[in-house]
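Below is one structure, written out as structure tokens; comments come after it.
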Amino acid sequence: MIADTLLEQLKKIDFSDMDFDKVLDMRDSSVFDKEWVRVWNELEALKKKKEALDGEENLSESVRKEVYLELYNLTQNEEIAAYGSDDFGLIYESEIWGLSDEWLSKLVKCYQNARFPHGKL
């Protein structure tokens, strides 16, 4: 699973000089947020069309919790931890449900490159 690989990359992100307020503002900007919500809506529509996958919801929550705790430990910032957790939920569930998207691939690439996603990807 890609989420497992990305979990290791979280530890490599350099948060020491990160301006959390600026990063959060860039994630809340329409450039980032519009695309994130679009992919989430596509995933939700796909999930409605297909049968539920047994146990996948619990695994998704487990991944999200692990990411939240790791990011909070690294940053001591609840919002950064929550956004990262949401990203991993989106990535994990998209992989499980078979959703492929160019912007989502860019989101994954950020984490693969040990970069916390924000702004234009």
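The values are calculated or read from the model by the stated rules, or taken from the named source; none is laboratory data. Here the structure is a predicted model, which means the values were calculated and not measured. FYI the Cβ positions are ideal-geometry reconstructions off the backbone, even for glycines, and counts take in every protein chain you see.
Residue-by-condition table, conditions (1) in contact with a Pro (Cβ under 8 Å, 6 or more places away or on another chain); (2) at positive phi; (3) not charged (D, E, K, R):
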site: 4; (1), (2), (3): no, no, no
site: 27; (1), (2), (3): yes, no, no
site: 40; (1), (2), (3): no, no, yes
site: 75; (1), (2), (3): no, no, yes
site: 104; (1), (2), (3): no, no, yes
When segment 108-121 is checked residue by residue, the ones that are closer than 21 Å to residue 31 by Cβ, in contact (Cβ under 8 Å) with a residue 40 or more places away in the chain and not polar (S, T, N, Q) are 108, 111, 115, 116, 117, 118, 119, 120, 121
Give the number of residues within segment 14-34 that are surrounded by 13 or more Cβ atoms within 10 Å (Cβ to Cβ) and among the basic types (Lys, Arg). 1
Of the conditions (1) within 17 Å of residue 3 (Cβ to Cβ); (2) part of a helix (DSSP H, G or I); (3) modelled with pLDDT of 95 or more; (4) in contact with a Phe, Trp or Tyr (Cβ under 9 Å, 6 or more places away or on another chain), residue 105 fails just one. Which one is it? (4)
